[in-house]
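Working notes for the structure below.
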Amino acid sequence: MDSIIVRGNGPLNGQIPIAGAKNTSLKLIAASILTEEPVTLTNVPKLADIRTISDVMTSLGVEIANLQDGRVMAISAANLTSHKAEYDLVRKLRASFQVLGPLLARNGEAIVSLPGGCAIGARPVDLHLDALTALGAKVDLKDGYVHASAPQGLKGCEIDFRFASVGATENAMAAATLAKGTTVIKNAAREPDTVALADCLNAMGAQIEGAGTSTIVITGVDRLHGVTQEVLTDRIEMGTFMVAPMIAGGSVELLGGSLDLIPCFAEKMTQAGAIIEETKLGLKVTKGDGPIKAVDAVTEPFPGFPTDLQAQFMAMMCLCDGTAVLEETIFENRFMHAPELLRMGANVEVQGGTAKVTGVKRMKGAPVMATDLRASVSLILAGLAADGETQVNRVYHLDRGYERVEEKLRAVGADIERVPGR
């Protein structure tokens with residue numbers, strides 16, 4: 001099993017290209033089931049999660065061709081051969097559950113495995129099922145699978161989520177594109193990934209209004225057609241690399257970056273002392289003079305502080321001047337990186353969903369273990385300014401969501417390498 005070795009090596013300077021958004025890509029790939037015509041996605045990241053959902057799709061009879069070194073995906077769901085997504089595939093990636101709505105809308109029937117447990121929390125799917133039931137589907141749970149059927153088609157309705165769930169909003173929105181009548185989704189997720197999915201579906205002939213607000217209105221259509229769609233910039237990768245020069249020092253330009261993708265996070269970074277400038281090519285992030293300032297943060301749905309950037313922000317706060325309080329409100333069990341940061345000399349106290357981080361002068365290199373995707377990269381970031389060598393083990397988590405992270409950091413001056421497992 002591979003590991004990443006990081007040695008504190010001073011400031012970072014240069015450019016880092018930001019890949020296409022993983023989460024957006026996963027949802028667009030699943031949505032291609034809604035049409036018999038070809039769907040082509042560009043700016044697709046080369047990640048393990050993309051390969052996993054591709055396996056799910058091919059098991060359903062979808063044909064996928066990877067072009068231009070995997071940056072372009074040509075997808076054809078013209079001849080679906082199955083409406084069942086098996087457990088052995090779905091368990092590897094929770095986002096595979098997003099095929100449920102498109103399969104049901106297209107086929108009138110879908111059998112999809114429950115995605116199972118998750119290292120960062122339970123993440124139940126009841127909101128997905130409630131939404132599809134409201135759309136007129138008969139939904140049953142049997143032997144760990146969701147059995148959904150709507151032989152007469154789905155019907156427009158009103159869906160009022162008790163929580164602004166991204167996955168449930170997107171599953172319901174995708175299914176409602178082919179429903180009869182109008183569907184109104186209240187307390188809808190407002191994430192850029194959700195907006196990107198709506199934009200793609202509209203380009204396929206759907207009639208969706210209000211994406212990016214808390215109320216989305218979908219007027220059902222009889223069919224959707226093919227499309228060529230570019231995947232937007234990955235805001236989580238962008239936010240991750242915004243932290244790097246703050247920890248190590250220096251100035252890094254993030255190619256393709258955009259402030260409107262993470263407004264709250266950018267504000268918190270500025271408060272911490274980052275100098276953020278928009279450039280013709282993206283964003284430039286420079287560590288300001290003086291120590292990192294202590295900044296509190298509470299994770300919230302978009303446009304609030306992203307839960308997927310909490311671990312990276314904590315790594316930065318480990319070096320702040322003072323004490324920062326981080327509150328996690330989205331997922332339980334999402335402070336599993338804290339004990340690993342303690343091994344590196346951090347001062348972090350976790351109580352329930354709150355972490356109190358008191359800054360230290362220096363971190364020290366240590367062998368640490370990645371527990372999930374975002375935790376793994378937070379340990380790499382911490383290692384950028386640690387004395388000695390940090391070895392991050394179990395980096396298969398990292399490969400799910402970050403493309404060539406060691407190469408990108410090495411290109412701006414980091415002393416980092418991947419060591420193949422034995």
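The values are calculated or read from the model by the stated rules, or taken from the named source; none is laboratory data. Given the structure is predicted, the values throughout are model-derived calculations rather than measurements. Cβ: placed from backbone, ideal geometry, glycine included. Neighbour counts: every protein chain shown.
Points to keep in mind about this one:
- LYS92, sole failed condition from (1) within 19 Å of ARG374 (Cβ to Cβ); (2) buried (at least 21 other Cβ atoms within 10 Å of the Cβ): (2)
- Subset of the range 381-422 [free of Cβ contacts under 8 Å to residues at least 24 places away in the same chain and more than 21 Å from GLY14 (Cα to Cα)]: ARG422
- Any hit, the range 158-166, residues being buried (at least 16 other Cβ atoms within 10 Å of the Cβ), over 18 Å from THR213 (Cβ atoms) and not assigned by TED's automatic domain parsing to the domain that holds THR307: no
- Number of the condition not met by GLU253 [criteria: (1) charged (D, E, K, R); (2) surrounded by fewer than 16 Cβ atoms within 10 Å (Cβ to Cβ); (3) in the same structural domain as ALA324 (by TED's automatic domain parsing)]: (2)
- From the options SER32, SER54, SER59, residue that is of a type outside the set (A, V, I, L, M), buried (at least 24 other Cβ atoms within 10 Å of the Cβ), closer than 29 Å to ASP143 by Cβ and in contact (Cβ under 8 Å) with a residue 12 or more places away in the chain: SER32
- Qualifying positions in the range 356-367 - under 11 Å from ALA382 (Cα atoms) and either aliphatic (A, V, I, L, M) or touching a Phe, Trp or Tyr at 6+ places or on another chain (Cβ under 6 Å) (or both): MET363, ALA366
- Taken together, the criteria place GLY144 among residues that are out of contact with any Lys or Arg (no Cβ under 9 Å at 6 or more places or on another chain), assigned by TED's automatic domain parsing to the domain that holds ALA30, farther than 20 Å from LEU34 by Cβ and small (Gly, Ala, Ser).
- Filtered residues of the range 51-75 (kept if modelled with pLDDT of 95 or more and hydrophobic (A, V, I, L, M, F, W, C)): ILE53, VAL56, MET57, LEU60, VAL62, ILE64, ALA65, VAL72, MET73, ALA74, ILE75
- Test for VAL377: is it aliphatic (A, V, I, L, M) and not in a helix (DSSP H, G or I): no
- Strands (runs of 3 or more DSSP E) within the range 130-197 that include 1 or more residues closer than 25 Å to ARG91 by Cβ: 138-142, 145-149
- Being of a type in the set (Asp, Glu), touching a Gly at 6+ places or on another chain (Cβ under 9 Å) and assigned by TED's automatic domain parsing to the domain that holds LEU255 holds for only one residue in ASP372, ASP415, and it is ASP415.
- Each residue in the range 259-316 was checked for being assigned to a loop (DSSP other than H, G, I, E, B), closer than 20 Å to ALA338 by Cα and among the hydrophobic types (A, V, I, L, M, F, W, C), and 2 of them qualify.
- Selection status of THR240, of a type in the set (Ser, Thr, Tyr) and either part of a helix (DSSP H, G or I) or crowded, with 24+ Cβ neighbours inside 10 Å (or both): yes
- Contacts under 6 angstrom Cβ, first residue in the range 10-27 being under 15 Å from ILE236 (Cα atoms), partner among the hydroxyl-bearing types (Ser, Thr, Tyr) and part of a strand (DSSP E or B), 6 or more apart: ILE18/THR233
- Candidates in the range 346-366 are the residues that are in a loop (DSSP other than H, G, I, E, B) and farther than 23 Å from ASP387 by Cβ; of these, the one that is farthest from the chain's Cα centre (by Cα) is GLY352.
- Of all residues making up the range 134-148, the number that are closer than 13 Å to ALA110 by Cβ, touching a residue at least 24 places away in the same chain (Cβ under 8 Å) and surrounded by 18 or more Cβ atoms within 10 Å (Cβ to Cβ): 5
- Strands (runs of 3 or more DSSP E) enclosed by the range 45-129 - at least 3 residues per element that are touching a Pro at 6+ places or on another chain (Cβ under 8 Å): 72-76
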